[in-house]
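Okay, structure first, notes after.
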Amino acid sequence: MGIRSTVIKPFAKRVSGQIDREMQSSVLYQRKTMEYLVRFARNTAFGKEHRFDEIGNYKDFTKHIPLRSYEELSPFVDRIFKGESDVLWPGKPLYFVGTSGTTSGVKYIPLTKESLPYHMNTARNVIFNYAYKQGLLSIFDSKMLFLSGTPQLQEINGFKSGRLSGIINHVIPKWLQWNKIPSFKTNCITDWEEKIKAIVRESAQQKTGLITGITPWILMYMEYMVDHTKGKSVLDTLPDLKIVVHGGVNYAPYENRLQSLMGGDFHSFETYPTTEGFVGFQEGSIKQGLALNVNAGVFFEFVPISEFHAPNPTRLDLSMVEIDKEYAIIINNNAGLWGSKLGDTIRFTSIDPYRFIFTGRTEHFLSAFGEHIIAREVEKAIQEAMNQENCEVSEFTVAPQINPIDQKSPYHEWFVEFAREPEDLERFIEILDKALQDINFHYKDLVNGQIIRPLQLRRLKPGAFRRMMKVKGKLGGQNKPIRLSNNREIAGLLINEIL
């Protein structure tokens with residue numbers, strides 16, 4: 001091992017032990033986090049208005065703190081922008097993260113001096129933990145590639161604002177600055193495609209041990225790298241690359257394509273960072289689910305997805321969750337988010353220790369005909385079709401076709417971009433439809449009852465989804481293609497991409 005990895009090893013060992021202890025006592029750490037948040041924010045405007053001084057346990061917590069969407073929390077954010085202190089959290093935020101909203105346009109999520117270190121430290125700790133347990137600490141003697149948003153910030157009412165990954169660039173510790181790529185200048189390129197190409201040129205000349213980023217953009221980087229090197233595999237160009245840290249979307253539909261581009265074996269593990277808090281991470285090599293980040297300034301609540309839109313849904317803390325049930329995540333954190341609906345859904349695969357998988361978004365589902373299909377189900381179905389037909393799908397999305405031109409029964413319309421075409425497209429479609437029927441009995445009943453036809457598939461031109469995302473102004477950063485929708489907005493943008 002080199003000097004850096006030798007110095008880091010004892011610290012990484014200590015971090016790994018702490019993560020193991022947290023996993024063994026997750027409920028205890030969560031209870032302490034709730035108590036800390038309430039105590040710390042008791043004298044804020046929000047704390048006084050919601051009588052934090054009367055909260056002694058979780059039952060009191062749910063009584064005094066209602067669930068809120070960002071739109072419902074935004075009046076408090078507006079007060080902060082107007083200069084008021086001690087509104088949601090003591091003092092004023094250090095930054096505001098600008099992120100896309102569903103109905104409110106841009107959402108501005110506060111980052112405080114208490115919350116920002118947890119974003120940084122969790123990202124560092126999960127890499128330390130994985131590298132230590134897998135004997136891969138040598139990556140710290142190499143360069144580490146971070147695919148992130150622009151570090152350029154804007155000022156809004158006296159506060160600095162930008163993307164979370166861009167803000168993180170300004171607070172990266174000095175020990176990491178030496179072996180971090182891309183350069184600050186490259187990272188400031190605003191056009192995402194040009195930025196990726198510049199990162200490829202820069203990193204192709206470097207000894208790189210780790211890549212981390214949103215999965216679709218890691219794929220884009222690797223495709224551009226293979227093109228840049230005239231067909232060489234990524235590992236031919238970057239032989240020291242050992243770890244790919246991915247997140248943001250389900251990894252399974254991308255795995256085969258990434259493996260093909262890499263051209264050899266590599267380690268991959270998943271993280272689940274969000275603007276509102278670092279939710280979870282894969283703590284070992286066995287991909288049984290993610291560990292909940294129970295000791296990082298975030299108190300999690302869980303609402304059964306079947307009750308999510310109810311006026312008074314059931315609210316659960318970690319001690320109350322059950323295996324194999326779908327939950328919407330609620331965030332309470334040390335940046336001043338209280339009862340905040342994250343918009344993500346998860347399912348616990350284990351409670352001793354607590355592990356979970358990401359299953360989708362509360363608003364991203366398909367139920368035009370009463371089928372209520374979620375992202376995890378279409379991803380599982382297309383993975384089955386890829387496995388059986390030995391092909392690769394780059395990206396896809398599904399929309400309802402309620403009024404087909406032929407005036408026959410409606411159907412689900414799949415828009416699919418293949419990286420490697422199936423030998424028999426019709427068989428691929430048959431496998432895909434059957435797999436979805438096996439996963440979702442509502443869909444099966446609708447097809448068997450001839451309420452809807454089996455799915456229809458549209459093959460798209462190479463690069464179709466990137467062009468679509470660029471048209472929407474969503475190419476790069478934390479943006480991800482939407483897999484499911486109940487309208488045809490995305491379908492309309494892809495019509496001219498059909499082969």
If ligands, DNA and RNA are left out, what is the accessible area of ASP53 with a 1.4 Å probe, given in Å² to the nearest 10? 110
Residues other than ASP265 with Cβ under 14 Å of its Cβ, Lys/Arg counted +1 and Asp/Glu -1, net out at -2
ILE109: accessible area at probe 1.4 Å, nearest 10 Å²? 10
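Compute the relative contact order of segment 350-499 as a whole-number percentage, counting only Cα pairs closer than 8 Å that sit 6 or more residues apart in sequence. Don't skip to the answer; put the middle values down first.
Details: 228 pairs, mean separation 42.4, N = 150.
This gives 28 percent for segment 350-499.
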For the chain, averaging the sequence separation of alpha carbon pairs under 8 Å that lie six or more residues apart and dividing by its residue count, the contact order in percent is 13
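Among 458-464, 309-315, how do they line up from the highest to the lowest mean number of other beta-carbon atoms within 10 Å?
Taking the mean over residues of other Cβ atoms within 10 Å, the ranking is 458-464, 309-315.
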Applying the Karplus parametrisation 6.51 cos²θ - 1.76 cosθ + 1.60 with θ = phi - 60° to the phi angles of segment 291-299, what ³J(HN,Hα) value in whole Hz is obtained for each residue in order, glycine and proline being reported as x? 7, 6, 7, 7, 10, 9, x, 10, 9
Using alpha-carbon positions, what is the distance between the centroids of segment 402-452 and segment 14-69, in Å? 45
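Could you sort 117-125, 187-195, 215-223 so that the peptide with the highest average Cβ count within 10 Å comes first and the rest follow in order?
Output ranking for 117-125, 187-195, 215-223: 215-223, 117-125, 187-195.
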Neighbours of HIS412 by Cβ distance under 10 Å: Lys/Arg at +1, Asp/Glu at -1, summed charge -2
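With a probe of 1.4 Å, find how much accessible area the chain has per residue, and write the answer as a whole number in Å².
Here the residues of the chain average 44 Å² of exposed surface.
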Can you tell me how segment 421-478 classifies by the Cα gyration tensor, rounded, prolate or oblate, using a/c under 1.5 as the rounded cut? prolate
Cα-based convex hull, segment 367-499, per residue volume (Å³, whole number): 108
Counting only protein heavy atoms, what percent of the accessible surface of the chain is carbon or sulfur at a 1.4 Å probe? 49
Please state, as a whole number in µm²/s, the translational diffusion coefficient that the Stokes-Einstein equation yields for segment 94-185 at 20 °C and 1.002 mPa s, with Rh defined as the Kirkwood radius across alpha carbon pairs. 145
For segment 224-230, what does the Karplus curve 6.51 cos²θ - 1.76 cosθ + 1.60, with θ = phi - 60°, yield as ³J(HN,Hα) per residue in whole Hz, taken in order and with x for Gly and Pro? 5, 5, 4, 5, 4, 9, 6
Amide N of segment 386-428 lying under 20 Å from the label point, which is placed 7 angstrom from the Cα of HIS442 along Cα→Cβ: 397-403, 410-414
Tell me which GluC sites (Glu not before Pro) from segment 420-479 have a DSSP coil assignment and no more than 11 other beta carbons within 10 Å of their own. GLU423
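The values are calculated or read from the model by the stated rules, or taken from the named source; none is laboratory data. Keep in mind that this is a model prediction, so the values were computed, not measured. Here Cβ is always computed from backbone atoms with ideal geometry, including for glycine, and neighbour counts include all displayed protein chains. The protein model used for the area step is the full one, side chains on, heavy atoms only, and it has no ligands, DNA or RNA in it. Shrake-Rupley method; radii C 1.70, N 1.55, O 1.52, S 1.80 Å.
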